[in-house]
Amino acid sequence: MKTLKFYFKDCNKNGYCLGAYNFINMETLKAICEGCQKSQSPAIVSVSEGALEYMGENFVKPLFDSAKKTYKLPIFLHLDHGKSFEVCKKAIDLGFDSVMIDGSALPFDENVKLTKKVVNYAHKKGVPVEAELGVLAGIEDTVRADKNIYTDPQKAKEFVEKTCCDTLAVAIGTSHGAYKYHGEQKLRFDILKKIEKEIPNTPLVLHGASSVPQQYVQQINAYGGDLQGAVGIPEKLLHTACTKHHIYKINCDTDIRLANMATLRKDLRENPKNFDIRKPNLLAMEEISNMIADKNKRVFHNSKRI
């Protein structure tokens with residue numbers, strides 16, 4: 001089966017990217033895998049620090065191993081937004097396929113020092129490391145920032161040279177959460193081009209890149225929710241990022257949460273006598289899997305790449 005490092009190169013060579021889909025339980029993991037099976041797509045399945053704590057560290061890897069054995073897909077277990085050396089080491093020791101050390105909130109030199117420490121440990125175990133330079137606004141689990149700080153292309157080159165990280169998450173206008181824009185929806189492709197010129201051999205990553213499908217926002221609001229003004233990254237911008245640039249991985253967490261919550265809210269409201277959570281969960285899993293298969297085909301351009 002193809003390795004993650006194979007996709008580092010093949011994505012950029014052939015104009016597609018991997019979806020990095022966050023899971024928080026068995027249901028979301030199965031839904032992600034079923035969506036990728038429908039589109040015949042490789043994928044990264046990510047676990048945040050919050051999700052690792054929620055599920056319990058001893059549950060995550062066995063769940064993933066079971067999914068990989070069942071679906072026989074090139075899927076890779078990734079730690080998303082590790083904030084310390086200790087949590088990255090824990091994920092590596094548990095058998096994760098890759099880890100992200102997020103020192104983006106630190107001063108440049110401290111980010112370099114922390115990232116290099118994780119890289120030194122991970123590479124001894126054959127595990128690739130994603131790092132981040134620049135800051136994304138918004139909220140996702142333990143990640144919080146009030147405003148974007150775009151990635152400096154020259155600093156990106158220096159950072160990669162000093163840390164030897166395998167991939168780099170960059171800030172070009174995406175943001176965490178369901179409220180990504182209050183004005184013009186755009187990405188700074190001009191900055192991205194400069195980054196690519198400075199580090200042409202480094203696969204790049206976009207965080208905070210959910211498209212926030214409006215049908216889910218409307219459904220959540222219609223069934224008792226309050227997500228007024230929620231808006232995401234236009235899919236055409238994401239498609240350009242992964243087909244015309246060196247973006248090998250685009251993170252998608254919020255869209256899964258929205259599809260899940262929209263389906264659960266609707267079914268629980270319409271079937272008040274039901275007390276079997278399996279019924280609405282199965283509907284939510286089907287909705288998530290269909291969304292992911294569609295996103296893989298239309299936006300990430302990675303169908304039939306296994």
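The values are calculated or read from the model by the stated rules, or taken from the named source; none is laboratory data. On a predicted model such as this, the values are computed, not experimentally measured, just so you know. Glycine also receives a Cβ, built like all others from the backbone with ideal geometry; neighbour counts cover every protein chain displayed.
So the values come out like this:
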| quantity | calculated |
| --- | --- |
| Number of positions in segment 121-136 that are modelled with pLDDT of 95 or more and either hydrophobic (A, V, I, L, M, F, W, C) or over 28 Å from residue 68 (Cα atoms) (or both) | 4 |
| Residue list for segment 278-306, restricted to those being surrounded by fewer than 19 Cβ atoms within 10 Å (Cβ to Cβ), out of contact with any Leu (no Cβ under 9 Å at 6 or more places or on another chain) and among the hydrophobic types (A, V, I, L, M, F, W, C) | 282 |
| Of all residues in segment 117-137 being surrounded by fewer than 19 Cβ atoms within 10 Å (Cβ to Cβ) and part of a loop (DSSP other than H, G, I, E, B), the one that is farthest from the chain's Cα centre (by Cα) | 125 |
| The one condition in (1) closer than 21 Å to residue 33 by Cα; (2) surrounded by fewer than 18 Cβ atoms within 10 Å (Cβ to Cβ) that residue 218 fails to fulfil | (1) |
| Some residue of segment 59-72 being buried (at least 22 other Cβ atoms within 10 Å of the Cβ), in contact (Cβ under 8 Å) with a residue 24 or more places away in the chain and small (Gly, Ala, Ser) | no |
| Looking only at segment 1-50, and only at residues there that are charged (D, E, K, R) and farther than 16 Å from residue 287 by Cβ, the one that is surrounded by the most Cβ atoms within 10 Å (Cβ to Cβ) | 49 |
| Unmet criterion (only one of (1) modelled with pLDDT of 95 or more; (2) of a type outside the set (Lys, Arg); (3) under 18 Å from the mean Cα position of the chain (by Cα)) for residue 223 | (3) |
| Qualifying residue in segment 35-43 (condition: out of contact with any helix residue (DSSP H, G or I) (no Cβ under 7 Å at 6 or more places or on another chain) and at pLDDT 95 or above) | yes |
| Filter pass, residue 16 being under 29 Å from residue 196 (Cα atoms) and among the hydroxyl-bearing types (Ser, Thr, Tyr) | yes |
| Residue in segment 92-116 that is surrounded by the fewest Cβ atoms within 10 Å (Cβ to Cβ), counting only those that are touching a strand residue (DSSP E or B) at 6+ places or on another chain (Cβ under 7 Å) and of a type in the set (Val, Ile, Thr) | 92 |
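Yes/no matrix, rows are residues, columns are (1) touching an Asp or Glu at 6+ places or on another chain (Cβ under 8 Å); (2) part of a loop (DSSP other than H, G, I, E, B); (3) within 22 Å of residue 81 (Cβ to Cβ); (4) at pLDDT 95 or above:
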| residue | (1), (2), (3), (4) |
| --- | --- |
| 1 | no, yes, no, no |
| 12 | no, no, no, no |
| 21 | yes, no, yes, yes |
| 32 | no, no, yes, yes |
